[in-house]
Amino acid sequence: MADSIAPRSSHRAPTLAVIGGGQLARMMAQPAIAMGLPLRLLAEAEGVSAAQVIPDQLVGDYRDLPTLLKVVDGCSTVTFDHEHVPTEHLHALSSAGVNVHPGPEALVHAQDKGVMRERLTALGVPCPRHALVSTPEEVESFGFPAVLKTTRGGYDGKGVWVVRSAEDCADAFSTAAESDVRILAEELVDFRRELSVLVARSPSGQAAAYPVVASTQRDGICHEVVAPAPDLSPELAAQAQQIGLRVAGELGVTGILAVELFETTDGRVLVNELAMRPHNTGHWTQDGAVTSQFENHLRAVMDLPLGSPSPRARWTVMVNILGGDSDTGHLYDGLPHALARDPHLRVHLYGKDLRPGRKVGHVNAYGDDLDDCLERARHAAAWFRGDLGETSE
Ligand code: ADP
């Protein structure tokens with residue numbers, strides 16, 4: 001009934017500050033437009049991906065507190081395109097009266113793999129066997145083969161080494177010494193495939209879990225996602241969603257939490273790592289779910305009711321478009337063929353310059369037939385990449 005609805009308290013929508021001008025911030029702009037939510041951006045350089053679409057912007061360094069304070073001035077809330085803002089600055093923003101989502105206590109678990117492993121183990125969340133190590137001898141006592149990871153600063157497979165002998169450990173320890181971070185050793189998990197579960201959680205505690213997806217990596221970069229993960233047992237799917245919801249609740253995550261998981265060959269799920277922002281394994285939701293991860297991230301950080309994470313189609317396939325080795329043209333040149341061949345295809349381009357291996361866009365194909373979705377999405381991504389030899393894989 002109209003009488004029971006709270007009266008409007010303001011004539012203007014609050015402004016949300018977004019730190020970081022990459023494609024994740026760019027894709028937050030679409031639902032922000034739809035919801036009438038003004039965004040203010042801190043971009044790392046003129047003309048970067050999100051700076052092309054968010055007019056209220058500042059260019060500056062996210063490691064500089066006065067710059068951050070200037071960006072959030074007049075904003076109710078601040079959120080992030082990446083996880084690199086120093087923890088002490090997040091506390092300072094909070095003290096300045098801005099809602100920081102996700103907050104520093106939660107975000108540290110996405111910034112530091114050592115802290116994350118310790119906390120998840122204490123919560124009884126299944127993880128690979130692990131230990132913090134400081135010498136090759138300690139890795140030897142941990143046991144080979146092992147996976148060594150820098151606790152901070154790794155991304156897209158950088159800062160991860162598979163080692164089988166003490167000699168193999170040299171690169172990892174020299175990288176750690178140079179960048180003043182620690183090394184985490186993990187057992188080399190024998191996995192069937194990589195899964196991911198996304199959860200949106202608001203400060204008032206409402207949470208929604210998306211269907212569990214399967215992701216394929218290539219050269220350490222997410223390449224393809226199938227939603228939902230084919231042939232996943234309902235028990236493991238439920239377990240993965242429960243892990244996501246539990247971690248989000250226990251760590252007090254606000255916004256999107258992505259939990260990357262291994263499905264082991266002996267039928268278990270183990271947590272690989274956490275991200276606290278919209279995630280590449282959730283791009284399928286833009287076209288394949290009732291509410292996209294970007295919209296639910298905005299709803300969550302603004303403490304608005306969350307939208308349904310239910311799928312819109314039986315299958316959705318996302319394939320990333322990466323810059324190839326011999327790019328000469330513009331991605332826009334790929335549109336006529338891709339769109340004409342497949343009127344149901346959804347294309348998302350990030351406005352970035354083409355560089356080999358760089359994520360510059362993705363495509364989503366949805367429908368009732370998984371093989372058809374795979375073929376359409378792979379063909380389109382290969383077409384944009386100028387590399388049609390790979391479509392027959
Ligand atoms: P990043 O922070 O670069 O994403 P991850 O910790 O996700 O690093 O590791 C990158 C990739 O390395 C994973 O996607 C997975 O394929 C592989 N990997 C990571 N940890 C392990 C492990 N313990 N056992 C086997 N493979 C692993």
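Taking the criterion of being in contact with a Gly (Cβ under 7 Å, 6 or more places away or on another chain) and either within 16 Å of the ligand (Cβ to nearest atom) or within 20 Å of residue 124 (Cα to Cα) (or both), would at least one residue in region 259-274 satisfy it? Yes, because at least one residue in region 259-274 is in contact with a Gly (Cβ under 7 Å, 6 or more places away or on another chain) and either within 16 Å of the ligand (Cβ to nearest atom) or within 20 Å of residue 124 (Cα to Cα) (or both).
Residues checked against (1) more than 16 Å from the ligand (Cβ to nearest atom); (2) modelled with pLDDT of 95 or more; (3) not small (Gly, Ala, Ser):
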residue: 179; (1), (2), (3): no, no, no
residue: 200; (1), (2), (3): yes, yes, no
residue: 211; (1), (2), (3): yes, yes, yes
residue: 216; (1), (2), (3): no, yes, yes
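Filtering region 93-127 to residues that are in a loop (DSSP other than H, G, I, E, B) and free of Cβ contacts under 8 Å to residues at least 24 places away in the same chain leaves 97, 124.
Against the conditions (1) surrounded by fewer than 21 Cβ atoms within 10 Å (Cβ to Cβ); (2) under 26 Å from residue 189 (Cα atoms), residue 117 satisfies every one except (1). Filtered by the rule that a residue be over 18 Å from residue 142 (Cβ atoms), of a type in the set (Asp, Glu) and in contact (Cβ under 8 Å) with a residue 60 or more places away in the chain, region 157-202 gives a lone residue, 194.
Within region 54-84, restricting attention to residues that are touching a helix residue (DSSP H, G or I) at 6+ places or on another chain (Cβ under 7 Å) and touching a residue at least 60 places away in the same chain (Cβ under 8 Å), the residue that is nearest to residue 255 (Cα to Cα) is 79. Here is the figure for region 189-198: residues that are open to solvent by 10 Å² or more (accessible area, probe 1.4 Å) and either within 23 Å of the chain's Cα centre (by Cα) or more than 12 Å from the ligand (Cβ to nearest atom) (or both) total 5. The set of residues in region 202-237 being farther than 19 Å from residue 368 by Cα and open to solvent by 40 Å² or more (accessible area, probe 1.4 Å) consists of 203, 204, 206, 207, 216, 217, 218, 219, 233, 234, 235.
Taking the criterion of being in contact with a Ser or Thr (Cβ under 9 Å, 6 or more places away or on another chain), in a loop (DSSP other than H, G, I, E, B) and near the ligand (Cβ under 7 Å from one of its atoms), the only residue of region 142-167 that qualifies is 159.
What about residue 254, is it within 26 Å of residue 360 (Cα to Cα) and either buried (at least 24 other Cβ atoms within 10 Å of the Cβ) or more than 16 Å from the ligand (Cβ to nearest atom) (or both)?
Working: within 26 Å of residue 360 (Cα to Cα): no; either buried (at least 24 other Cβ atoms within 10 Å of the Cβ) or more than 16 Å from the ligand (Cβ to nearest atom) (or both): yes.
So residue 254 fails the test.
Scanning region 275-293 turns up at least one residue that is in a loop (DSSP other than H, G, I, E, B), modelled with pLDDT of 95 or more, under 18 Å from residue 346 (Cβ atoms) and in contact with a Lys or Arg (Cβ under 9 Å, 6 or more places away or on another chain). Of all the criteria given as (1) buried (at least 17 other Cβ atoms within 10 Å of the Cβ); (2) within 29 Å of residue 100 (Cβ to Cβ), the one not satisfied by residue 377 is (2).
The values are calculated or read from the model by the stated rules, or taken from the named source; none is laboratory data. Note that this is a predicted model, so its numbers are computed, not measured. Please note: Cβ atoms are built from the backbone with ideal geometry, for glycine as well, and neighbour counts cover all protein chains shown. Surface areas here come from the heavy atoms of the whole protein model, side chains and all, with no ligands, DNA or RNA. Shrake-Rupley method; radii C 1.70, N 1.55, O 1.52, S 1.80 Å.
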